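Shown next, in structure tokens, is the structure this report addresses.
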Amino acid sequence: KRSNDRAFFRVDTNIDAGMTAMGSFSDKEEPCKILNLSVGGVCVGSKERHNVGYKFILQTKLLQELESSLIFCQILRILERKHDYFEYGCQFLRLNSSDEERILQIIFDLQRKQR
């Protein structure tokens with residue numbers, strides 16, 4: 001049996017977002033959903049197929065009252081849920097301590113709204 005231990009608490013979400021490849025000359029933003037969120041990363045659902053190691057910029061409004069955020073991410077795990085739909089376990093890249101505090105506060109706000 002595989003363990004699913006996580007370094008950080010995760011909150012389930014259903015937030016619209018967009019993914020853009022890092023270092024790409026294309027400005028094509030791929031629609032996706034943020035399925036859960038933690039201080040260390042996100043689970044993103046998408047119809048597009050990517051590989052482990054893929055780096056991208058995630059653009060989203062984590063809370064409606066906030067401005068859009070741009071977050072650097074990298075895919076660590078891939079789950080194919082159904083034909084042409086994938087869930088990606090991603091870690092955040094380039095976060096400083098104030099970014100982590102901000103995400104933690106957003107997680108608390110999301111939890112409070114879900115109750």
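FYI, it's all coordinate maths here, none of it is from the lab. Only a predicted model underlies this, so the values are computations on that prediction, with no experimental measurement involved. Counting neighbours? That spans all protein chains shown, and the Cβs are built from the backbone with ideal geometry, glycine included.
No partner Cβ under 4.7 angstrom, meaning no disulfide-compatible partner by this rule: which Cys of the chain qualify?
Here 32, 43 come out as lacking a disulfide-compatible partner, given the Cβ-Cβ threshold of under 4.7 Å.
Give the longest segment of the chain that steers clear of GluC sites (Glu not before Pro) in DSSP loops with at most 13 neighbouring Cβ atoms within 10 Å, not counting the sites themselves.
68-115
Expected output is a single nm value to one decimal: the length gained when fully extending between residue 83 and residue 9, i.e. 0.36 nm times separation in residues minus the C-alpha distance. What is it?
23.7 nm
Long-range amide H contacts for residue 61: which residues qualify at under 5 Å (H placed 1.01 Å from N, peptide plane, sequence gap of 5 or more or a different chain)?
Amide H neighbours of residue 61, under 5 Å, 5+ apart: 69.
Go through region 31-93 and name the trypsin sites (Lys or Arg not before Pro) that are in a DSSP coil and have 15 or fewer other Cβ atoms within 10 Å of their Cβ.
For trypsin sites (Lys or Arg not before Pro) across region 31-93 that sit outside H, G, I, E and B with at most 15 neighbouring Cβ atoms in 10 Å, the list reads 47, 49, 61.
Which whole-number percent gives the relative contact order of the chain, counting Cα pairs below 8 Å spaced six or more residues apart?
23
In deg cm²/dmol and to the nearest 500, what is the mean residue ellipticity at 222 nm of the chain if only DSSP H runs of at least 4 residues count, each as -39500 (n - 2.57), divided by the residue total?
-5500 deg cm²/dmol
So if I place +1 on the C-beta of Lys and Arg and -1 on the C-beta of Asp and Glu, and nothing else carries charge, what would the dipole magnitude of the chain be about its Cα centre? I want it in debye, nearest 20.
About 500 debye.
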